[in-house]
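The values are calculated or read from the model by the stated rules, or taken from the named source; none is laboratory data. Everything numeric in this text was worked out from a predicted model, so none of it was measured. All Cβ positions, even for glycine, are placed from backbone atoms using ideal geometry, and neighbour counts span all protein chains on display. Protein only, heavy atoms only, side chains kept; ligands, DNA and RNA dropped before computing areas. Shrake-Rupley method; radii C 1.70, N 1.55, O 1.52, S 1.80 Å.
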Amino acid sequence: MTDPISQKLLPDNSSVDTDGMLMIAGVRIDTLVAKYGTPLFVYDEAHIRSRCQQAVRAFGEGVSYASKAFLCTAMARLAYEEGMHIDVATMGEAHVALEAGVPASHLVFHGNNKSTTELQYAIENQIGRIVIDSFDEIDRLESLLGDSGDQIQALIRITPGIQASTHEYVTTGQDDSKFGFTVSNGLAEDAVRRAASSPCIELLGIHAHIGSQVFSLDSFRKAAEVLANLSNHFELPELSVGGGLGVAYLEEEQSLSIEEWGLTVKSVCDEAGVTARVTSEPGRAIVASSAVTLYSVGTIKELEGIRTYVAVDGGMHDNPRPALYGSGYETFVPGRVLDSRTSEITLVGKHCESGDVIVSQGYVPEGLAVGDILATPVTGAYGHSMGSNYNKVLRPAVVFVNGGTDRLVIRREMLSDLMNTDMG
Ligand code: LLP
């Protein structure tokens with residue numbers, strides 16, 4: 001690898017200033033670092049808006065942003081403004097979306113084990129759709145609603161029996177899964193009948209999610225076939241194919257577009273004569289490539305003939321994906337974005353374990369020095385949202401940039417934040 005980082009891995013509105021400094025939405029990276037410090041997540045707001053628009057064009061009314069990928073009130077508001085509904089998987093995600101001003105009717109509540117408190121919360125707040133995942137959940141809903149005469153609107157999560165090719169930790173459509181009602185053994189049909197006959201439930205449709213970071217349109221096609229059959233059989237008005245569209249993290253990878261995904265799913269449903277409203281809930285495909293993470297180089301350790309460790313001020317607390325799934329990322333130096341990357345490094349964080357690797361094989365221009373700013377692209381999904389306070393590290397700030405201006409949407413944590421829940 002010697003080429004400069006390619007444009008396809010950078011946010012849409014990236015450009016290079018005359019001195020070789022990366023700009024995102026017209027804002028220089030060194031200006032952001034001077035203002036907010038590192039580690040820092042920088043999101044290109046117009047990039048996110050354009051992906052939301054693509055999703056709405058491809059699927060239409062009801063398409064949801066899967067907020068687990070990245071959530072704060074600014075993000076929820078943005079997705080809502082662009083016409084998306086919001087998929088939430090916990091009371092916490094629902095709370096943030098509601099705080100952002102998203103109407104409860106636009107929320108879709110998921111989860112394989114929603115607690116009674118969460119279901120109560122969903123009922124009280126009149127959340128738009130509850131995606132029912134188990135018979136226990138139906139029992140729980142019935143006992144909460146009792147004979148009040150009130151009904152919740154629901155979808156049934158089915159397990160279509162599709163093994164999507166992705167990391168085993170994020171496959172969810174195969175029969176051996178903790179999620180949903182299996183189609184192959186008849187449980188899905190039983191669940192639809194049970195929910196449809198419940199006085200507490202207005203059953204609107206069925207839902208499936210086969211996994212995340214899926215590149216095979218064929219897997220989506222197969223799942224859509226299973227959903228289409230069931231949907232037609234029960235003549236339900238809504239059908240959701242979940243999320244899961246894969247994105248490119250590495251130079252050699254190629255993303256599919258939201259449009260291609262939508263066309264694939266819709267054509268299967270059209271062929272099967274589906275009349276239900278067909279929708280989806282992308283997370284990663286909306287935000288992943290809209291952001292980069294900026295780090296400062298703290299130490300460089302050269303092991304002659306073995307490798308060069310470059311340690312930065314972040315790590316598994318802002319991006320646990322490499323440690324969890326062995327996910328690969330690229331590296332680049334935003335101040336020298338057009339330079340060839342001829343030097344191989346292993347980018348590591350500051351945590352007390354050897355697994356705290358951000359990029360096992362990264363490339364940077366010659367002459368990287370302590371104090372330089374280093375970046376990893378495509379960090380907009382499942383980085384900040386899966387981040388932690390491990391080692392009592394302070395979680396990074398997040399800025400949105402747009403049209404030459406920047407705004408802080410999540411401030412950097414302070415030492416006092418660590419004491420918020422500590423009862424002494
Ligand atoms: N809908 C449901 C019901 C889901 O469970 C998920 C993701 C999505 C939609 C959105 O999937 P996406 O479009 O973002 O692939 N932490 C892992 C990914 C876990 C995804 C969990 N569910 C990662 O970093 O790769």
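Okay, here's what the table says:
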| quantity | calculated |
| --- | --- |
| Among (1) touching a residue at least 60 places away in the same chain (Cβ under 8 Å); (2) open to solvent by less than 20 Å² (accessible area, probe 1.4 Å) - the single one T171 does not satisfy | (1) |
| Selection status of S14, outside the structural domain of S340 (by TED's automatic domain parsing) and either farther than 30 Å from E142 by Cβ or not charged (D, E, K, R) (or both) | no |
| Complete set of residues in region 169-194 that are of a type in the set (G, A, S) and either within 25 Å of G326 (Cα to Cα) or in a loop (DSSP other than H, G, I, E, B) (or both) | G173, S177, G180, S184, G186 |
| Condition broken by E124, with the remaining ones in (1) out of contact with any Phe, Trp or Tyr (no Cβ under 6 Å at 6 or more places or on another chain); (2) within 16 Å of the ligand (Cβ to nearest atom) satisfied | (2) |
| Any hit, region 195-210, residues being part of a helix (DSSP H, G or I), out of contact with any strand residue (DSSP E or B) (no Cβ under 7 Å at 6 or more places or on another chain) and either open to solvent by 10 Å² or more (accessible area, probe 1.4 Å) or within 14 Å of the ligand (Cβ to nearest atom) (or both) | no |
| Region 130-159, residues that are of a type in the set (D, E) and under 30 Å from the mean Cα position of the chain (by Cα) | D133, D136, E137 |
| Evaluation of Y65 against (1) touching a residue at least 40 places away in the same chain (Cβ under 8 Å); (2) surrounded by fewer than 19 Cβ atoms within 10 Å (Cβ to Cβ) (one fails), failing number | (2) |
| Any chance S143 is among the polar types (S, T, N, Q), over 23 Å from S198 (Cβ atoms) and at pLDDT 90 or above | no |
| Selection status of L217, away from the ligand (no atom under 14 Å from the Cβ), of a type outside the set (G, A, S) and in contact with a strand residue (DSSP E or B) (Cβ under 6 Å, 6 or more places away or on another chain) | no |
| Positions within region 182-194 being open to solvent by 30 Å² or more (accessible area, probe 1.4 Å) and of a type outside the set (D, E), in sequence order | V183, S184, N185, L187, R193, R194 |
| Any hit, region 292-306, residues being small (G, A, S) and open to solvent by 40 Å² or more (accessible area, probe 1.4 Å) | yes |
| Residue selected from region 112-122 under the condition open to solvent by 20 Å² or more (accessible area, probe 1.4 Å) and of a type outside the set (S, T, N, Q), by the criterion farthest from V241 (Cα to Cα) | Y121 |
| Answer residue from region 347-387, given it is open to solvent by 30 Å² or more (accessible area, probe 1.4 Å) and not in a loop (DSSP other than H, G, I, E, B) and is farthest from the ligand (Cβ to nearest atom) among those | I373 |
| Unique match (being in contact with a Pro (Cβ under 8 Å, 6 or more places away or on another chain) and either within 16 Å of the ligand (Cβ to nearest atom) or assigned by TED's automatic domain parsing to the domain that holds A381 (or both)) among V265, V278, V337, V310 | V337 |
| Set E81, E93, E61: member being of a type in the set (D, E, K, R), within 16 Å of the chain's Cα centre (by Cα) and over 30 Å from G298 (Cβ atoms) | E93 |
| Subset of region 153-170 that is β-branched (V, I, T) and under 30 Å from I127 (Cα atoms) - its residue that is nearest to the ligand (Cβ to nearest atom) | V170 |
| Yes/no for S296 being small (G, A, S) and either free of Cβ contacts under 8 Å to residues at least 40 places away in the same chain or more than 16 Å from the ligand (Cβ to nearest atom) (or both) | yes |
| Condition check for F234: more than 14 Å from the ligand (Cβ to nearest atom), open to solvent by 10 Å² or more (accessible area, probe 1.4 Å) and aromatic (F, W, Y) | yes |
